[in-house]
Amino acid sequence: MSDIKLHSEEFELECTTVWAFPRRGNWATHKSDWRGNWSPEVARNLILRYSKEKDHLLDCMIGGGTTAIEAKILNRHITCIDVNEEALERTRKSLEFEVDNKAKQRVVKCDARNMSFIKDNEIDFVLTHPPYADIIKYSEGKIKEDLSGIHDIDAFVDEIEKVAKELLRVL
C-alpha cells in the first residue's frame with residue numbers, strides 16, 4: 001500500500017470562517033461511507049492550523065478514522081478512542097499505509113467520559129466530531145455507552161459536558 005496518494009491536489013488552508021467541502025477526500029485511505037463523517041479537509045485544516053508536527057492529538061469519537069489518517073500523514077501522534085469496536089477496526093485498517101515520519105497512532109476502546117489511561121495534560125490538541133444527539137444512531141442501542149442513543153436533549157448535553165470535562169483534564 002505504499003503507492004497511495006497522501007494529499008489532495010486541491011487542498012488549500014482555509015482562511016475564512018465558513019468552510020464547505022462537497023467532496024469527502026479521495027486520497028490516502030479515506031472512505032466516505034461512515035455515516036456522519038467529516039470531510040478530511042476539515043480535519044486537515046484544524047490539524048495544520050492548531051497543532052505542530054509531533055504534537056499529541058486526541059479524537060475521542062474516532063468514527064471512520066478520518067482524523068487518524070490526517071494525523072498520520074501530517075506527522076502528529078494521535079490517540080483514537082471510540083466505544084464502537086466497528087469504528088475502531090475501520091480506523092485500524094485505515095492506518096495501514098506507509099508515511100515517511102515516526103508519528104504513532106494509538107487506537108483504544110474507551111468511553112470519552114472516562115479516559116483514565118491518558119495522563120493529565122498529556123494531549124496537545126483535541127479534535128473530534130461527536131454525534132448529533134440521536135440523529136444518526138451508530139450502534140442502534142447495542143452499545144450502552146454510545147451517546148447517539150440518548151433521545152433526551154438535556155440528558156445528551158449532560159453527557160457531552162462529562163466528555164468536555166475529561167477533555168479539559170487531558171489537555
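Within the range 136-148, which residues are free of Cβ contacts under 8 Å to residues at least 24 places away in the same chain and more than 14 Å from Val163 (Cβ to Cβ)? Across the range 136-148, the qualifying residues are Lys137, Glu140, Gly141, Lys142, Lys144.
Looking only at the range 119-133, decide whether some residue is in contact (Cβ under 8 Å) with a residue 60 or more places away in the chain, of a type outside the set (Lys, Arg) and closer than 28 Å to Asp3 by Cβ.
Taking the range 119-133 first, the residues in contact (Cβ under 8 Å) with a residue 60 or more places away in the chain are 122-132.
Next, only the ones that are of a type outside the set (Lys, Arg) stay: 122-132.
Right, trim to closer than 28 Å to Asp3 by Cβ and you get none.
No, that holds for no residue.
Selection of first residues in the range 156-168 that are touching a residue at least 24 places away in the same chain (Cβ under 8 Å) and of second residues that are part of a helix (DSSP H, G or I), restricted to Cβ pairs under 6 Å at least 6 apart or on distinct chains, gives the following pairs, ordered by first then second residue: Glu159/Leu147.
The residues listed here are Ala20, Ala71, Ala43; of these, the one that is farther than 30 Å from Gly141 by Cα and buried (at least 21 other Cβ atoms within 10 Å of the Cβ) is Ala71. Residues in the range 22-49 that are charged (D, E, K, R) and within 23 Å of Glu98 (Cβ to Cβ) were compared, and the one that is modelled with the highest pLDDT is Arg44. All of (1) in contact with a Cys (Cβ under 9 Å, 6 or more places away or on another chain); (2) among the basic types (Lys, Arg); (3) assigned to a helix (DSSP H, G or I) hold for Arg106 with one exception: (3).
The values are calculated or read from the model by the stated rules, or taken from the named source; none is laboratory data. All values reported here derive from a predicted model rather than from experimental measurement. Using ideal geometry, Cβ is built from the backbone for each residue, glycine included, and neighbour counts are taken over all protein chains shown.
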